Amino acid sequence: MTSRERKKAAGLHEKLQILRSITHSRAMNDTSIILDASEYIKELKNKVVRLKQEIAFEEETGALKQDSSPTVTVETLGHGFLVNVFSDKSCPGLLVSILEAFDELGLSVLEATASCADTFRLEAVGGENQVENVDEHVIKQAVLQAIRTCSEGDCQQEHVSTQQA
């Protein structure tokens, strides 16, 4: 092997290691690294499609409703998740209602930051899902349902009755 070929091979190996790092691949051989990268690209494309759908849906429903609605974003972090919630309105029991929704989905919250004064903000980092088929969309819908339930007054009544029991 000539010096030129060795340099070319070393450059290719370095680029494959960079690709391995970026795609969080644990593969050791070149073919597997490329296959993992291909899967990673497919996941990213699917994520882009879902986000575009969510944006279109939010724009569509936002055009129908003039009042400010809660914002919920869910992002997958490896085997866990990151949930951000913001609402202009807070109601008693909203945080508990959202955490109960996580529990019903089998999601464990590892870390959370919340503010429930006039507005409501929550950032929750969760661990590995204990239930299969729980994706970003399912989590988002469960959180939105918990917010709707609480804002309709059911949440407040439900928590009062459980405290009396």
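The values are calculated or read from the model by the stated rules, or taken from the named source; none is laboratory data. It should be emphasised that the depicted structure is a prediction, and the values quoted were computed from it without experimental measurement. Glycine also receives a Cβ, built like all others from the backbone with ideal geometry; neighbour counts cover every protein chain displayed. Just the protein is used for accessible areas: all its heavy atoms, side chains included, with ligands, DNA and RNA removed. Shrake-Rupley method; radii C 1.70, N 1.55, O 1.52, S 1.80 Å.
Note on the range 3-64: Cα-only Rg and Dmax are 18.6, 67 Å. Scattering from the range 71-153 was approximated by placing one identical point on each alpha carbon and applying the Debye formula without solvent; log10 I(q)/I(0) at 0.21, 0.22 1/Å stands at -0.91, -0.99.
A Förster radius of 22 Å, combined with the Cβ-Cβ distance separating residue 140 from residue 100, puts the computed FRET efficiency at roughly 0.90. At a probe radius of 1.4 angstrom, the accessible area of the range 1-96 per residue rounds to 77 square angstrom. Simple spin-label estimate for residue 108 and residue 35 gives 3.1 nm between the two label positions (7 Å along the Cα-to-Cβ direction from each Cα). Remark: spin-label model distance residue 79-residue 117 equals 3.9 nm, labels positioned 7 Å along the Cα→Cβ axis.
Given the options 133, 92, 112, identify the residue whose Cα lies farthest towards the positive end of the charge dipole of the range 86-150 (+1 on Cβ of Lys, Arg; -1 on Cβ of Asp, Glu). About the Cα centre, the residue reaching furthest to the positive side is 92. The HN-Hα couplings worked out from phi for the range 4-17 by the Karplus form 6.51 cos²θ - 1.76 cosθ + 1.60 (θ = phi - 60°) are 5, 5, 5, 5, 5, 5, 5, x, 5, 4, 4, 5, 5, 5 Hz, whole numbers, x standing for Gly and Pro. Between residue 5 and residue 57, the modelled label-to-label distance comes to 5.5 nm, taking each label 7 Å out from Cα in the direction of the beta carbon.
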